[in-house]
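Below you'll find the structure, written out as C-alpha cells, and then a few comments.
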Amino acid sequence: MIITTGDHAAPDAVRRAAALAQEAGVQYVPRNRTSLNKLASRYNDRDILVILEGGARLFRSGGEAMLFHPSMAFVRAKRLLKGESDPMLEAARIRPGDVVVDCTAGLGADSAVFALGAGPEGRVLALEDSLPLWSLLKEGFAYYVSGVKKFDDALRRITAKRAEHLRALREMPDKSADVVYFDPMFRNPVEESSAISPLRTYANASPLSPEAVAEACRVARKTVVLKEKKGSGEFERLGFESDPRPHTKIAYGVISLDK
C-alpha cells in the first residue's frame, strides 16, 4: 500500500498523509495531479489510501474504492440519540463507562455504535488485521465529520489498532474489558450494500476460532458477543447462546460471564 492525498491537497492533508505513512511503515507519495491508476502502476502497488479533508478513501486498482463513511451506523446512532434501543448494545448489555474490544472492526460501524453506547467515560478498542482497512479506520475515526457532534465525538473516542485479534487478546490482562465483540465475515453473506461488499476483498475471511473465544472469555468481565447470520451454526459450534428475536437475518450470540 502507498499513501497519497487528493488532487488539490491542503497542507494539513499532506502532513497527515506523511505521518500515517511513517506510522504504517509504507511510502507517502505526493499526488501531483497524477491519476490513482498511474500511481498504482508506477509504484507497482494496487492499494492506495487517499487522505481527504474529512477522512480517507481506499482505492484498489481494478476494484471498488471505499470511502470511510459510517453508513448504517449513523442511522443507528440517530435512533440511539432519540432514545431508541439497539439490538447489539442490548445483547452486549452496554452501560456508560464500559470498555469494549471490537475484535473485527472492518469499516468501523459497530465500533462507532459501541462508542456512543459506552459514552464519554467509556473506551472502545477497534482491532483490524488488514493494513489498508486499519489505515482507513484510523483516519476516518479521527477526521470524519457527520454534522452530529455527539456521534463525531464518539468516533474520536475509538482507538484503532492494527492487530490480529487472537494475538491481541492473548496480550490483554484478565478481566480488562467489559465486552469483547466479534463480527467475522459470514460464510454465506446476506444481501450486502455497495459500501460493504468491497470489504470482503480486504478483510480476513478466516472463521472465528474456539481459541479466540476462550481468550475473549478470559479478557471480558461481562459479555462476549458474536454477530452472525441466523441459522449459520456458528453459535452452536462456539458455545454462544443465540438471540431469540424472530424475523431477523442477523443474530447476536452471547456468552454471559457475570451471572
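A few points about this structure:
- Among the residues making up segment 225-256, those that are under 13 Å from ALA91 (Cβ atoms) and modelled with pLDDT under 80 are ASP243, PRO244, ARG245, THR248.
- Looking only at segment 1-11, and only at residues there that are over 23 Å from the mean Cα position of the chain (by Cα) and in contact (Cβ under 8 Å) with a residue 24 or more places away in the chain, the one that is surrounded by the most Cβ atoms within 10 Å (Cβ to Cβ): ALA9
- Among the residues of segment 112-133, those that are within 13 Å of THR159 (Cα to Cα) and in contact with a helix residue (DSSP H, G or I) (Cβ under 8 Å, 6 or more places away or on another chain) comprise ALA112, PHE114, ALA115, GLY122, VAL124, ALA126, LEU127, GLU128.
- Looking only at residues in segment 94-130 that are out of contact with any strand residue (DSSP E or B) (no Cβ under 8 Å at 6 or more places or on another chain) and not in a loop (DSSP other than H, G, I, E, B), the one that is nearest to SER256 (Cα to Cα) is GLY117.
- Here is the figure for segment 125-143: residues that are buried (at least 23 other Cβ atoms within 10 Å of the Cβ) and among the hydroxyl-bearing types (Ser, Thr, Tyr) total 1.
- Selection count, segment 237-256, where residues are exposed (fewer than 14 other Cβ atoms within 10 Å of the Cβ) and either over 16 Å from ALA216 (Cα atoms) or of a type in the set (Val, Ile, Thr) (or both): 6
- Of the residues LEU89, LEU107, the single one that is crowded, with 17+ Cβ neighbours inside 10 Å, within 30 Å of ALA40 (Cα to Cα) and not polar (S, T, N, Q) is LEU107.
- Condition met for GLY147 (among the small types (Gly, Ala, Ser), surrounded by fewer than 24 Cβ atoms within 10 Å (Cβ to Cβ), modelled with pLDDT of 95 or more and on the phi > 0 side of the Ramachandran plot): no
- Residue count, segment 214-236 (criterion: acidic (Asp, Glu) and either surrounded by fewer than 14 Cβ atoms within 10 Å (Cβ to Cβ) or closer than 13 Å to HIS165 by Cα (or both)): 2
- Every pair of residues 6+ apart whose Cβ atoms lie under 6 Å, when the first sits in segment 101-112 and is polar (S, T, N, Q) while the second is in a loop (DSSP other than H, G, I, E, B): THR104/ASP183; THR104/PRO184; SER111/ALA105
- Count of segment 92-104 residues, restricted to those that are crowded, with 24+ Cβ neighbours inside 10 Å and within 12 Å of the chain's Cα centre (by Cα), is 3.
- Test: residue in segment 206-213 that is at pLDDT 95 or above, more than 20 Å from ARG95 (Cβ to Cβ), surrounded by 12 or more Cβ atoms within 10 Å (Cβ to Cβ) and not hydrophobic (A, V, I, L, M, F, W, C): yes
The values are calculated or read from the model by the stated rules, or taken from the named source; none is laboratory data. These numbers come from a predicted model, not from an experiment. Because the Cβ atoms are built from the backbone with ideal geometry, glycine has one as well, and the counts that use them run over all protein chains shown.
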